[in-house]
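Notes follow the structure.
What follows draws every value from the coordinates through simple rules; no lab data is involved. What you see is a predicted model, and the numbers here were worked out from it, not measured in a lab. Neighbour counts run over all protein chains shown; Cβ positions are idealised from the backbone, glycine included.
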Amino acid sequence: QVQLVESGGGLVQPGGSLRLSCAASGSFFSINSMGWYRQAPGKERELVAGINSGGSTQYGDSVKGRFTISRDNAKRMVYLQMNSLKPEDPAVYYCNADIRRYSWGIRNDCWGQGTQVTVSS
């Protein structure tokens, strides 16, 4: 089975920084795109940032210029550097990965369990 495990969430003051990490484990051929989503209470899950296997990135409008996504293919990890955190950023942040299970095919859309980010003074 494929597992995604996030870490790095916590409490930070407005204007502060956090770095989220997500590690993929299990048996699979490769990882296509990876990304971070977030869901605040009463709101729908939204894309924060995504990165494809070639390193091209995309960001949600609300985090552009503040958040940076990166990945380490050798370590099977994706990171989210969050700077200048705002009161509207608190949410559960979820790691997502488009996994290719075998060289000949089969793709799985995998999710981590989520990590809480809280921004408060």
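Just add up the charged neighbours of F28: K/R +1, D/E -1, any other residue whose Cβ is under 14 Å from the Cβ of F28. Local charge sum for F28: +2.
By the beta carbon rule, with partners counted only under 4.7 Å, the chain holds these lone Cys residues: C110. Counting only Cβ charges, +1 for Lys and Arg and -1 for Asp and Glu, the dipole size of region 10-121 around its Cα centre is about 260 debye. Label positions at S53 and D109, each projected 7 Å from the Cα along the C-beta direction, are separated by 1.9 nm. Between the residues Q13, T118, G35, the greatest Cα displacement towards the positive end of the dipole of the chain, with unit charges on the Cβ of Lys, Arg, Asp and Glu, is found for G35. Computed with the Debye formula from one identical point scatterer per Cα of the chain, without solvent, the log10 of I(q)/I(0) at q = 0.14 Å⁻¹ comes to -0.55.
Full extension of the chain segment joining R19 with S7 gains 3.5 nm, where the gain is 0.36 nm per residue of separation less the Cα-Cα distance.
Which of rounded, prolate, oblate describes region 66-118, given a ≥ b ≥ c as roots of the alpha-carbon gyration tensor eigenvalues and a/c under 1.5 marking rounded, otherwise prolate only if a/b is larger than b/c? Note, shape of region 66-118 comes out prolate. Straight Cα distances below 20 angstrom link K75 to the aspartates and glutamates E6, D98, D109, with same-chain residues fewer than 8 positions distant left out.
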